[in-house]
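The next block holds one structure in the form of structure tokens; read it before the comments.
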Amino acid sequence: MSDITHHLSLITYMNIVVLVKQTPDTAKLSARLDGLQLSADGGARIVNPWDEYAIEEGLLLQSKYQGKVTALCVGKAEADEALKRAVAMGVNEAILVSDAALSNGDSLATARALAAAIRKIGAVDLIIAGRSSIDGNNAATAVQVAALLNFNLLTYVTKIEGIDLATKTMRAIRAIEAGRETVSSHLPTVISVVKEINSPRYPNFMNIKKAAKAVIPVWSLKDLGLSAAEVTPQVTWSLTLPPGRTAQVELISGSPAEAAKILVDKLMAEKVI
């Protein structure tokens, strides 16, 4: 075998999956700051902001190590708009997992669907997720996916220092309460990233046009070999507004000195001071 042929035989390409979620657009809060309005069908939706950092990191790793980046999302049919955003940013492929049985699923149900989809995709080296989603904010899905696939897990990653494709290992820096720690992991690994890791790019015009024409494949539970019973929520929850509070405003008249004395007397009477 010539040196060139031997070198080519050692080249390995990364297969990266980025987990994407479509979330309510918190910038569209109503005048009453009623967050429940965003949870209703028809509310403004965006790519979960944390996931844009995950998409960007996948693309940066692809340009450095070569390979393929696939954006994967569990959601309703309209969630394909979030995946089109990922396509506009530059991912090679986008897949939507959508099924009526998943409509009220918890994070574990979502993780089971994601894990099954990743198995269907094939040999994956790295799964990248955002720190959490801005709606549920439980940061559980990436952890559960790692457990279901029996992959290594690194959370709150601020930097990937390097990946050795020959030994299938990576080094990363994690944010912890005491500061930062440098860790190593064997691939395949699931990582969740924080905003310090990069600055997400703006899609260019050509990719925006490509995304607009993209037809996102949709996989059902049947396509993944899952039954509805396997994604039955383990935890049920609902959202309600907190009870309203009434307040009374009293205007104190008089000179500044008189008003100050009256205010102090009232605060002392209410045992505030």
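Worth a mention:
- Residue count for the range 201-215, restricted to those that are under 22 Å from the mean Cα position of the chain (by Cα) and either among the aromatic types (Phe, Trp, Tyr) or modelled with pLDDT of 95 or more (or both): 1
- Strands (runs of 3 or more DSSP E) fully within the range 139-211 counting 2 or more residues that are of a type in the set (S, T, N, Q) and touching a helix residue (DSSP H, G or I) at 6+ places or on another chain (Cβ under 9 Å): 152-164, 189-193
- Residue within the range 182-196 that is among the polar types (S, T, N, Q), surrounded by 10 or more Cβ atoms within 10 Å (Cβ to Cβ) and closer than 29 Å to Ala100 by Cα present: yes
- Some residue of the range 247-262 being charged (D, E, K, R), loosely packed, with under 14 Cβ neighbours inside 10 Å, modelled with pLDDT of 85 or more and on the phi < 0 side of the Ramachandran plot: yes
- Of the criteria (1) hydrophobic (A, V, I, L, M, F, W, C); (2) under 16 Å from the mean Cα position of the chain (by Cα); (3) modelled with pLDDT under 95; (4) not in a helix (DSSP H, G or I), which one Ile128 fails: (3)
- Screening the range 1-81 for helices (runs of 4 or more DSSP H) wholly inside it with 2 or more residues that are in contact with a Gly (Cβ under 9 Å, 6 or more places away or on another chain) and at pLDDT 55 or above returns the ranges 49-65.
- Taking first residues from the range 206-217 that are closer than 17 Å to Ile95 by Cβ and partners that are part of a loop (DSSP other than H, G, I, E, B) and not aliphatic (A, V, I, L, M), the Cβ contacts under 8 Å between residues at least 6 apart in sequence or on separate chains come to Ala211/Pro203.
- The criterion of being free of Cβ contacts under 8 Å to residues at least 12 places away in the same chain, more than 19 Å from Lys84 (Cα to Cα), surrounded by fewer than 20 Cβ atoms within 10 Å (Cβ to Cβ) and not aromatic (Phe, Trp, Tyr) holds for Ala100.
- Unmet requirement for Pro233, which otherwise passes all of (1) in a helix (DSSP H, G or I); (2) surrounded by 13 or more Cβ atoms within 10 Å (Cβ to Cβ); (3) of a type outside the set (D, E, K, R): (1)
- Cβ pairs under 9 Å, 6+ apart, first in the range 115-141 and farther than 25 Å from Gln66 by Cα, second among the hydroxyl-bearing types (Ser, Thr, Tyr) and assigned to a loop (DSSP other than H, G, I, E, B): Asn138/Ser132; Ala139/Ser132; Ala139/Ser133; Ala140/Ser132; Thr141/Ser132; Thr141/Ser133
- Taking the criterion of being of a type in the set (Ser, Thr, Tyr) and over 14 Å from Ala172 (Cα atoms), the residues of the range 190-207 that qualify are Ser199, Tyr202.
The values are calculated or read from the model by the stated rules, or taken from the named source; none is laboratory data. Quick caveat, the model's predicted, so the values are computed rather than measured. With ideal geometry, Cβ positions are generated from the backbone for all residues, glycine too; neighbour counts draw on all protein chains shown.
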